[in-house]
Each structure stands twice: as C-alpha cells, then as structure tokens.
Amino acid sequence: MKQVTTIAWTLAALGAGVMALAVPTAAQVVYRQKISHDMSKCAPGGGPAVRVTVNGVKSSDGKLRVQSYRGTSSDWLEKGKWINRIELPARAGTMTVCVPVPSAGTYGIAVRHDTNANGKTDLSRDGGGMSNNPSINILNLGKPNYKKTAFSVGDGVKSIAITMKYM
C-alpha cells in the first residue's frame, strides 16, 4: 500500500510539473521588438509602460534610440536581450518617449543619440543615458551594474527622467 501511495504522489507531482511547463507565465519576455513610438500607451489608464523624459539632447541631428531591458544581471545591456526598441528623429533639448513593457516588473532603460545616424557608436560624437542616471567614467564606460539602473513598473505608467551625457 505504501508503494502505491508513493507512486501516486510521484505521478501527481510529475503531472503538475508538466502542466507548469505548458502554461505560459507573465514573466516570459519576447526580445528584440522594434516598435513605433506611440504616446497613447502612456495616456491615463494605460500601461504597463514607462514615460521617459530625455533631457539634454545635444542636437536635432541623427536618431534617438530608446531600449528597454529586464532589470536583471543576465539581461541588462546584453546583446540581443533588449525587449522593446524605439527609434525616432532626434530633437535638441528635451524629448518624451513612451516605452511599453510586457508586464509589471523590474526594468532598465538605455538611450543613445546616434548623431550621424550611421548605426554605430561614435564615442567622440554620440551621447547616451540610462535610467536612474548612474555616473559613468573612463573606468566603466557604458555599462553600470544593473542594480544602479533598475526600477519597478506596476500595471500603470511609470515616469522617469534620463539626462544625456556626451564626451
């Protein structure tokens, strides 16, 4: 009888494990989504999304690229691990961009101003910024720890401000 009970519990546990694999979770993320800029996603009642105010855009030349990442060490600024990317013409001064996110959670945002729109990072001309505005110096150019850039997003719209930095 004890052996039958053990087998029944084992089968039940295996069945639950198979069911857990079959059901998608809210935490699953689709990477590399190039999306158009749509401020209506940050309207009252919208979300989950991040309203990003980008301050200090140096010129109206080139493109501004805004990318969202999961706020984890395995995803932050890792090649191909961005969730959503929005590219739009740069406008000198302040720009506001709405970045939808897949669900409530922890995220990071990276912004790059590609001044000549060549798709490459030109350190002497291009600018960049990240959520929470971490300090960047010659020793850690471009990739601060994810803990310095991560922030929480609920079911609504989270507002953040990023200040651009140029060499």
Which stretch or stretches of region 107-126 have amide N atoms under 18 Å from the point lying 7 Å from Asn55's Cα along the Cα→Cβ direction? 109-113
Long-range amide H partners of Gly46, meaning residues 5 or more apart or on another chain whose placed amide H is closer than 5 Å, are none
Spin-label proximity, Asn145 to region 51-82 - amide N less than 18 Å from point 7 Å beyond Cα toward beta carbon: 71-78
If a/c stays under 1.5 just call it rounded; otherwise compare a/b with b/c (prolate if a/b is bigger, oblate if not). Do that for region 38-167, with a ≥ b ≥ c from the square roots of the Cα gyration tensor eigenvalues. oblate
Provide the net charge surrounding Glu87, with neighbours chosen by a C-beta distance below 10 Å and charges set as Lys +1, Arg +1, Asp -1, Glu -1. +4
Here, Ala161 and Ser103, labelled 7 Å along Cα→Cβ, have an inter-label distance in nm of 3.3
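Here, each number is a calculation from the coordinates, and none is a lab measurement. Everything numeric in this text was worked out from a predicted model, so none of it was measured. Positions of Cβ are backbone-derived with ideal geometry, glycine not excepted, and every protein chain shown enters the neighbour counts.
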